[in-house]
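All remarks here apply to the structure that follows.
The values are calculated or read from the model by the stated rules, or taken from the named source; none is laboratory data. Because the structure is a prediction, the values reported are computed rather than measured. For neighbour counting, all protein chains shown are included, and Cβ atoms are generated from backbone atoms with ideal geometry for every residue, glycine included.
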Amino acid sequence: MSKLLKLDTLCKAFGAVKVADELSYEVQTGDAVGVIGPNGAGKTSMFNLITGTMRPNSGTITFDGQDVTGWSAARRSHSGIARSFQVPQPFCGMTVFENAMIAATQSAGLHGHAAERFCLEVLDQTELLAKANQQAGSLTLLERKRLELTRALCAKPKLLLLDEIAGGLTEAECKSLVRTIKDIHASGVTIIWIEHVVHALLEVVDRLIVIDFGKMIAMGAPRTIMDSAEVKEIYLGIEADA
């Protein structure tokens, strides 16, 4: 596997508050990496730094062999970085298909019949094909989460960033969404997934990263990380000597 993403001593602070504190790690093509940590740990800020909606104070971001630290968010999107958001943000007055087409034309650069065919393929993959002509504003929460996935995939990403996409779902809905994410990863898409629903993460990822106060405190095999006393203390609130 080749190296797809590298964060090298990435730092970002707002006054005394550090949201990235010398954050460094690598992601290989084909990886599925989970990210956990307490609320306010800097997880979403890390995604903002990777996608270019936030600029670091120092450090570098390398994607697909290129230093993208100074690139705009639009240029990074065109290069193959796509994300979902914690709160789904569809164009509610447009149909599901129209939402997909915007991503395919604006981010993936597809047009005409090629864009239409591609969007229909993605909608089938995300189990929204039957909802293609329905207004996005009328979707259920699970369907909105699936539309977030659809819009990200219609950008033809090499790297897919998922931000708490399982949050708020029932157990059955979560299992259904996890099956879809596993299929997406199996199709060759590299994934970094921030999630508080840890059992969902463990179904998909092959590595876990733990972040606290913007600093990476652990990285490794999921079960090893979850059994770590330090992680239990910081993430689960269980004292290490308990």
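Hey, any hits in region 204-219 for a residue that's at pLDDT 90 or above, assigned to a helix (DSSP H, G or I) and of a type outside the set (Gly, Ala, Ser)?
no
I'm checking my understanding of the structure. Among residues of region 96-116 that are surrounded by 18 or more Cβ atoms within 10 Å (Cβ to Cβ) and more than 22 Å from the chain's Cα centre (by Cα), which one is nearest to ARG75 (Cα to Cα)?
Only one residue fits best here, namely LEU110.
Have a look at GLY188, GLY167 and point out the one that is out of contact with any Cys (no Cβ under 7 Å at 6 or more places or on another chain), in contact (Cβ under 8 Å) with a residue 40 or more places away in the chain and over 23 Å from ASP64 (Cβ atoms).
After ruling out the rest, the residue left standing is GLY167.
Check GLU239, GLU173 and return the single one that is surrounded by fewer than 19 Cβ atoms within 10 Å (Cβ to Cβ), at pLDDT below 95 and among the acidic types (Asp, Glu).
Only one candidate qualifies: GLU239.
Looking at GLY34, GLY30, can you tell me which residue is crowded, with 21+ Cβ neighbours inside 10 Å, outside the structural domain of GLU127 (by TED's automatic domain parsing) and in contact with a strand residue (DSSP E or B) (Cβ under 8 Å, 6 or more places away or on another chain)?
Only one candidate qualifies: GLY34.
Condition (residue is surrounded by 14 or more Cβ atoms within 10 Å (Cβ to Cβ) and more than 20 Å from the chain's Cα centre (by Cα)) applied to region 50-67: is it met by at least one residue?
Yes, because at least one residue in region 50-67 is surrounded by 14 or more Cβ atoms within 10 Å (Cβ to Cβ) and more than 20 Å from the chain's Cα centre (by Cα).
Given the structure, is GLU127 over 20 Å from the mean Cα position of the chain (by Cα), under 22 Å from THR190 (Cβ atoms) and modelled with pLDDT of 95 or more?
In short, no.
Any residue at all in region 191-208 that's under 22 Å from ARG83 (Cβ atoms), touching a residue at least 12 places away in the same chain (Cβ under 8 Å), among the small types (Gly, Ala, Ser) and not assigned by TED's automatic domain parsing to the domain that holds LYS6?
Taking every residue of region 191-208 in turn, none turns out to be under 22 Å from ARG83 (Cβ atoms), touching a residue at least 12 places away in the same chain (Cβ under 8 Å), among the small types (Gly, Ala, Ser) and not assigned by TED's automatic domain parsing to the domain that holds LYS6.
Considering only region 200-210, how many residues are surrounded by fewer than 20 Cβ atoms within 10 Å (Cβ to Cβ) and either in contact with a helix residue (DSSP H, G or I) (Cβ under 7 Å, 6 or more places away or on another chain) or within 18 Å of ASP163 (Cβ to Cβ) (or both)?
Number satisfying all stated conditions: 3.
Would you mind stating whether ALA13 is under 25 Å from THR150 (Cβ atoms), over 18 Å from the mean Cα position of the chain (by Cα), small (Gly, Ala, Ser) and surrounded by fewer than 19 Cβ atoms within 10 Å (Cβ to Cβ)?
no
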